Amino acid sequence: MSLPAFSSCTTQPPKKILPHTSQTRLLPNPSRKSVENTHLSFPRKDQLIDQTVLWTSSIARRCRNGHLSEAAAEFARMRIADIEPNYITFITLLSACADFPSENILCFGASIHCYIYKLGINKYNVMLGTAIVDMYSKCSRVDLARQAFDEMTVKNSVSWNSMIDGYMRNGDVEDAIKLFDEMPHRDKVSWTALIGGFVKRGHFEEALERFREMQISGVEPDYVTIIAILTACANLGALGLGIWIHRFALQRNLSKEVRVSNSLIDMYSRCGCVNFAYQEFNKMGKRSRVSWNSMIVGFAINGRAEEALEHFCLMQKEGFEPDGVSFTGALTACSHAGLVEEGLEFYKTMTRIHGISPRIEHFGCMVDLLSRAGRLEDALSVIETMPMKPNEVVLGSLLAACRTHGDVGLAERLMNFLDELEPDTDSNYVLLSNIYAVVGRWEGVGKVRKTMKALGIKKKPGVSAIEIDCSIHEFVAGDKSHVQTESIYSMLEQLSAELMVYGYVSETIVEGFPECD
């Protein structure tokens, strides 16, 4: 997006009000009368007041349509016409900058901030100050957001919440928690900003812990909080807690919200209770495309391919156009059911009829579909022709098939792609090493080990997790840190003894290599 050129485009807010000289003008040069005004004032004539409203309305219309360059040009014409903006004009422009963050947009937003600073209205207008904080946060300049936040003389809960959300959005979890603890009053939006931030950053257990603290503090959550917690439950597989949250939402009449129902469908599906998900789906009085997608994907990942494809067709009969997520569900269903030709046909339909550009998850489904069918060379061809680099999930599908079919040669050819992955990826290297080990190719095991050592990759220990009484317990092989370690190992010994009585012989698993030093 190109914006009108400005004579100054700093991204640092000035430390003091700048003198009104030609060298410090930030926006297109208006009349001298406009430049000499150092504070906002409403003209006495109703006609002039209407002019400000009309100009602001015109700017807002362009912002709503995503035409920020036109909005900026309109603002420049407004100043040239000697019409003074008010705080609503500034908030409109800053909010548009926050909605379309980029380096160029940041430059424009910072120029608007400087103009506001010169007028001296940002410290005492809480709405305007909050809009500045939000703009910098969403443009990934949380340092400038905090500077603007600290300069605000008057703050409200929205200001605090915007700053917390800004920290979380930019991955600065520690500062978000610190600021949250300093808040004079925490409302449900504050708690939701923190909880939602943990969920977006993948810190699901921390999100659940904060939700418990929210309950203890007596703050009532809203449907946005419920959605965030259900997402955490889905990612952790915490079915017991998810059921409790469902009941909690029912008691507070929050489950009628379509987005809550969609989250419940997703949570139950990912926890393996697809029947519960379908019950929720059937109870919905109004469904969105997300509702259908959640149910289609839920059926697909739980191995109920026929029902997934059936609902893919029903979705279209109900007037919903399938999107990329819909086709991901259909392709996943075909992959799990071994419907190769049907999957290839769905892929063609997606690209040629619906005009959907395939994303990496679609290529991953195609690789998995062909790999499961034993068409390894075709799967490799898909990887080689992808417009983006394959990730570890895509490569993992083909590597697993190589191990199943004993195709060491193809696995070796995949090493070229493994070298291009992120340096902290370990799973596919371990899988490749195990493929070598299964066929006794120990020189290959050593080669993979050397490669991992050169790249600084260490084998990460596998973690198992179970849920008991709405609490998540994690275990690592050989781990003795759990508070009930003695009881756990005692039970394992008892189970092993009983299994041996019935003739069980433990399977010897060949490990490719020990953990790299």
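The values are calculated or read from the model by the stated rules, or taken from the named source; none is laboratory data. Small disclaimer: the values here were computed from a predicted structure and weren't measured. Here the Cβ positions follow ideal geometry from the backbone for every residue, glycine too, while neighbour counts run over all protein chains shown. Heavy atoms of the whole protein, side chains included, go into the accessibility calculation; ligands, DNA and RNA do not. Shrake-Rupley method; radii C 1.70, N 1.55, O 1.52, S 1.80 Å.
Rank by packing, highest mean first: peptides 134-140, 124-130, 398-404, 147-153, with packing defined as the count of other Cβ atoms within 10 Å averaged across residues.
Peptide ranking by packing, descending: 134-140, 398-404, 124-130, 147-153.
Relative contact order of segment 140-269, please, whole-number percent, based on alpha carbon pairs below 8 angstrom and at least 6 residues apart.
18
Leaving out ligands and nucleic acids, note down the accessible area per residue over segment 45-154 with a 1.4 angstrom probe, in whole Å². Before the final figure, lay out the partial values.
Values: 4440 Å² over 110 residues.
Dividing the accessible area of segment 45-154 by its residue count gives 40 Å².
So between Glu213 and Arg247, what do we pick up on full extension, going 0.36 nm a residue minus the alpha carbon distance?
10.4 nm
Long-range amide H contacts for Asp82: which residues qualify at under 5 Å (H placed 1.01 Å from N, peptide plane, sequence gap of 5 or more or a different chain)?
Ser31
I'd like the Karplus ³J(HN,Hα) series for segment 108-122: coefficients 6.51, -1.76, 1.60, θ = phi - 60°, whole numbers in Hz, and an x wherever there's a Gly or Pro.
Result, ordered by residue: 5, x, 5, 5, 4, 4, 4, 5, 4, 4, 4, 6, x, 10, 7 Hz.
Of Lys317/Lys348; Lys155/Lys200; Lys200/Lys348, which sit over 29 Å apart, Cα to Cα?
On the way: Lys317/Lys348 20 Å; Lys155/Lys200 26 Å; Lys200/Lys348 33 Å.
Lys200/Lys348, as the Cα separations exceed 29 Å there.
What is the gain in length, in nm to one decimal, between Ser427 and Trp442 on full extension, counting 0.36 nm per residue of separation less the C-alpha to C-alpha distance?
Working: separation 15, 0.36 × 15 = 5.40 nm, distance 1.85 nm.
Fully extending the segment from Ser427 to Trp442 adds 3.6 nm.
Place the peptides 293-301, 104-112 in order of packing, highest mean first, counting for every residue the other Cβ atoms within 10 Å and averaging per peptide. Present the calculation step by step, with values, prior to reporting the outcome.
Working: 293-301: 25.7, 104-112: 22.0.
Ranking the peptides 293-301, 104-112 by packing returns 293-301, 104-112.
Report the label-to-label distance for Lys283 and Asn156 in nanometres (one decimal), using points 7 Å from each Cα along the Cα→Cβ vector.
Result for the modelled spin labels: 3.6 nm.
Label-point separation (nm) for Tyr504 and Gln484, each offset 7 Å from Cα along Cα-to-Cβ?
1.9
Whenever you get a sec, compute what percent of the accessible area on segment 45-154 sits on carbon and sulfur atoms (1.4 Å probe). Don't jump to the answer; show the numbers that get you there.
On the way: 2330 of 4440 Å².
Its accessible area is 52 percent carbon and sulfur atoms.
Hey, what do the phi angles of segment 444-453 turn into as Karplus ³J(HN,Hα) couplings, whole Hz, using 6.51/-1.76/1.60 and θ = phi - 60°, x for Gly and Pro?
Once θ is set to phi - 60°, the couplings for segment 444-453 become x, 4, x, 5, 5, 4, 5, 4, 5, 5 Hz.
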